[in-house]
Amino acid sequence: MFWSRQIMPPKEKEILEALAWMCEQYLSRGNGLLDHKAMHAGELAIEVLASYGFVKSDIQGDRWTEEGLLLLEGS
């Protein structure tokens, strides 16, 4: 499910921003790459963000999409 920021309810956007920042802080490997570090909670968080189109799978792991980077910027 890919959501447009324009139609996303404010509370849902707030929750997803918090989840995105937690992933960026605790799962980031730099250069936009995320590593769930074999933690089930990390896997679930990345799956949720991917279901909204904020993260995509990459050969090296998972990576922020343009939409994900905009979410982190608060745009």
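The values are calculated or read from the model by the stated rules, or taken from the named source; none is laboratory data. Just so we're clear, the structure is a prediction, and the values are computed from it rather than from any experiment. With ideal geometry, Cβ positions are generated from the backbone for all residues, glycine too; neighbour counts draw on all protein chains shown. Ligands, DNA and RNA are excluded from the accessible area calculation, which covers all protein heavy atoms including side chains. Shrake-Rupley method; radii C 1.70, N 1.55, O 1.52, S 1.80 Å.
Descending by average beta-carbon neighbour count within 10 Å, the peptides 28-34, 52-58 line up as 52-58, 28-34, the highest first. Among the protein heavy atoms of the chain, carbon and sulfur supply 59% of the accessible surface, probe 1.4 Å, non-protein parts ignored. In sequence order, the range 32-39 has phi-based couplings of x, 8, 10, 10, 6, 6, 6, 9 Hz under the Karplus curve 6.51 cos²θ - 1.76 cosθ + 1.60, θ = phi - 60°, and Gly or Pro positions carry x. Against the longest alpha carbon principal axis of the chain, how many degrees, from 0 to 90 and to the nearest 10, is the axis of helix 10-27 turned? That works out to roughly 20 degrees.
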